[in-house]
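Peer 1: Below you'll find the structure I mean.
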Amino acid sequence: MKQKIIDNIKTIFYALVIAIVIRSLFIQPFYIPSSSMEPTLLVGDRIFVTKYTYGYSKHSFPFSLGPIKKRIFFDEPERGDIIVFKTPADNRTDYIKRLIGGPGDKIQFIDGNLYLNDVEILKSKVKLENEIYCGGEVLETNLFEEKIENKKYLTAYNNFGSYQNSDEFVVPDNHYFFLGDNRDCSKDSRFLTSVGYVHRDNIVGKARFIFFSTDKKIGRFIEFWKWNKSFRLDRFFKKIK
C-alpha cells in the first residue's frame, strides 16, 4: 500500500513537471476576457500561444518565476503579430494586443487615421454600422480592413471614436507599441500611464489559433442545456490573423 502511494505521488510529480515544461517552453492556453480585440478575438475565445516564437524571459514561466534575468534566444516580432505580454504597470497582468511599432518607430493618430513613420496605414471599409462590444455596452462601429507589412486584419472604430488625434509616439529601444483591434474600446500603448511602451522582456508569446469558444452571454459552461447555442463552433481551431 505504501509503495502504491509513493508511485502515485511520483506520477503526479512527473506529470506536473512535464506540464510546466510544456507551458513554459512551448505552448500555453489563454482565455480572452475582454472585447478589446474584437472583431479578431471575442470574449469567451480560448487560444493557444506559442512561447518559443520570440525567445524566453522570466515571464515565460508560471508566475514569472523564471531563472533567467534577460530575454534569451530572442527573435524580433513582426508588425501585425498578435502578442500576449505582461503589462508594464504591474509586470503580472496578461494583455493581448496587436504589435504596431518597434524600437525607433513613430506612431501617431491624425483625424482618426493611423500613421507609422509618417506614412498612413491604409485601410478599406468592410462593413458599416457593425455591433461591437465594449464591456457591457454595444457600440455601433464601422469595420475596416487594415494592412501593415504584409498582414491584413480587421479593426473596429468610427469617426466619432474616443481617440481621433494624438501626439507622436516614439518607441524607445527594446520596446514595442501595441494597439487593440477594437480601437474605441482598448487600453493599450496609447495610454502611457497604464500600458505604454512594452519592454521586450515582457513579451510572453504569439497568439496562434482559437481552439475553443463560448458565448457567455447565452449561457455559462455548466448550463449544458444551452451548449448548442453558446458554443461558437465556427471559431473552433481557427487560425488567428
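Peer 1: Which FRET efficiency, nearest 0.05, do residue 1 and residue 26 yield, Cβ-Cβ r, R0 30 Å?
Peer 2: It comes out at approximately 0.20.
Peer 1: Can you check what the net charge comes to around residue 62, using other residues whose Cβ is under 14 Å from the Cβ of residue 62 (Lys, Arg +1; Asp, Glu -1)?
Peer 2: Numbers: positive: 23, 51, 58, 86, 92; negative: 94.
Charge balance near residue 62 sits at +4.
Peer 1: Moving on to the next point. How far apart, in nm, are the 7 Å Cα→Cβ label points at residue 119 and residue 194?
Peer 2: It works out to 3.2 nm between the two label points.
Peer 1: Hey, how much of the P(r) for segment 27-239 falls beyond 31 Å, as a percent of Cα pairs?
Peer 2: Working: 4485 of 22578 pairs.
Percent of Cα pairs beyond 31 Å in segment 27-239: 20.
Peer 1: Whole Å is fine, so just give me how far the alpha carbon centre of segment 105-143 lies from that of segment 39-63.
Peer 2: A separation of 24 Å, based on Cα centres.
Peer 1: At q = 0.11, 0.22, 0.25 Å⁻¹, what is the base-10 log of I(q)/I(0) for segment 61-139 according to the Debye formula with one equal point scatterer per Cα and no solvent? Please give it to two decimals.
Peer 2: -0.50, -1.27, -1.34
Peer 1: Please arrange 37, 1 by counting, for each residue, the other beta carbons lying within 10 Å of its beta carbon, fewest first. Display every interim value, and only then the final one.
Peer 2: Values: 37 27, 1 5.
Fewest to most other Cβ atoms nearby, the residues stand as 1, 37.
Peer 1: Then there's this: What FRET efficiency comes out for the pair residue 165/residue 138, r = Cβ-Cβ distance, R0 = 22 Å, nearest 0.05?
Peer 2: Details: r = 26 Å, r/R0 = 1.17.
Taking R0 as 22 Å, the efficiency between residue 165 and residue 138 is 0.30.
Peer 1: Do the sum for the chain: with -39,500 (n - 2.57) for every DSSP H run of n ≥ 4, divided by all residues, what is the mean residue ellipticity at 222 nm, to the nearest 500 deg cm²/dmol?
Peer 2: -3500 deg cm²/dmol
Peer 1: Label-point separation (nm) for residue 15 and residue 46, each offset 7 Å from Cα along Cα-to-Cβ?
Peer 2: Label-label distance for residue 15 and residue 46, simple model: 1.7 nm.
Peer 1: Work through the residues other than residue 209 whose Cβ is under 9 Å from its Cβ and net out their charges, Lys, Arg +1 and Asp, Glu -1.
Peer 2: Values: positive: 208, 238, 239; negative: none.
Spelling it out: positives minus negatives among the neighbours equals +3.
Peer 1: If a paramagnetic tag sat 7 Å from the Cα of residue 218 along the Cα-Cβ line, which residues of segment 25-64 would have the backbone N under 14 Å from that point?
Peer 2: Only 43-45 fall inside the zone, counting backbone N under 14 Å.
Peer 1: Here is a follow-up. Hey, what angle do you get for helix 2-25 against the long axis of the chain, alpha-carbon based, 0 to 90 degrees rounded to 10?
Peer 2: 20
Peer 1: What does the convex hull of the alpha-carbon atoms of segment 1-140 project to on average, in nm²? Mind dumping the intermediate values first?
Peer 2: On the way: hull surface 51.8 nm².
Average of the hull's projected areas for segment 1-140 equals 13.0 nm².
Peer 1: Tally Lys and Arg at +1 and Asp and Glu at -1 over the other residues with C-beta under 12 Å from the C-beta of residue 164: what net charge comes out?
Peer 2: Numbers: positive: 183, 190; negative: 111, 184.
Residues near residue 164 contribute 0 overall.
Peer 1: Going down the table (151/206; 69/106; 206/238; 51/125; 147/216; 58/151), which pairs top 23 Å between alpha carbons? Mind showing how you got there, number by number?
Peer 2: Values: 151/206 15 Å; 69/106 29 Å; 206/238 15 Å; 51/125 34 Å; 147/216 31 Å; 58/151 29 Å.
From the list (151/206; 69/106; 206/238; 51/125; 147/216; 58/151), the Cα-Cα distance tops 23 Å for 69/106; 51/125; 147/216; 58/151.
Coordinate-derived values only; no laboratory data. Note that the structure is a prediction, hence the values are computed from the model and not measured. Using ideal geometry, Cβ is built from the backbone for each residue, glycine included, and neighbour counts are taken over all protein chains shown.
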